[in-house]
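Participant: This is the structure I have questions about; it appears just below.
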Amino acid sequence: MFVDDSHRPGEEMIEGPSSPVVRRELFDGTGFEIIKVPYAPEKLVRLGWTFRVEPTAGQFHWGAGSPADGPG
């Protein structure tokens, strides 16, 4: 299982299918670019990260994380 589902529709891809750069738009049409890099939760824990991911509405989730010794 990945923290990020890696769902990146073709029309959102900035630099091709292997690129982590995705263009997203808000409901008001404001566009922005995000970086999506999926990690397995187990790998993040092994690297010393703590995180929390919670469901919101439908298929969407909200999460936050940081290195255990970093801000958070």
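The values are calculated or read from the model by the stated rules, or taken from the named source; none is laboratory data. The structure presented is a predicted model; accordingly, all values stated were derived computationally and were not measured. Cβ placement follows ideal geometry from the backbone for every residue including glycine, while neighbour counts extend to all protein chains displayed. Side chains included, ligands, DNA and RNA excluded: accessible areas come from the protein's heavy atoms. Shrake-Rupley method; radii C 1.70, N 1.55, O 1.52, S 1.80 Å.
Participant: In region 27-37, which residues are under 14 Å from the mean Cα position of the chain (by Cα), loosely packed, with under 12 Cβ neighbours inside 10 Å and assigned to a loop (DSSP other than H, G, I, E, B)?
Facilitator: Matches in region 27-37: Val37 only.
Participant: For region 55-72, what are the residues that are assigned to a strand (DSSP E or B) and open to solvent by less than 80 Å² (accessible area, probe 1.4 Å)?
Facilitator: Gly63, Ala64, Gly65, Ser66, Pro67
Participant: Looking only at residues that are loosely packed, with under 10 Cβ neighbours inside 10 Å and over 25 Å from Ser18 (Cα atoms) in region 38-54, which one is farthest from the chain's Cα centre (by Cα)?
Facilitator: Arg46
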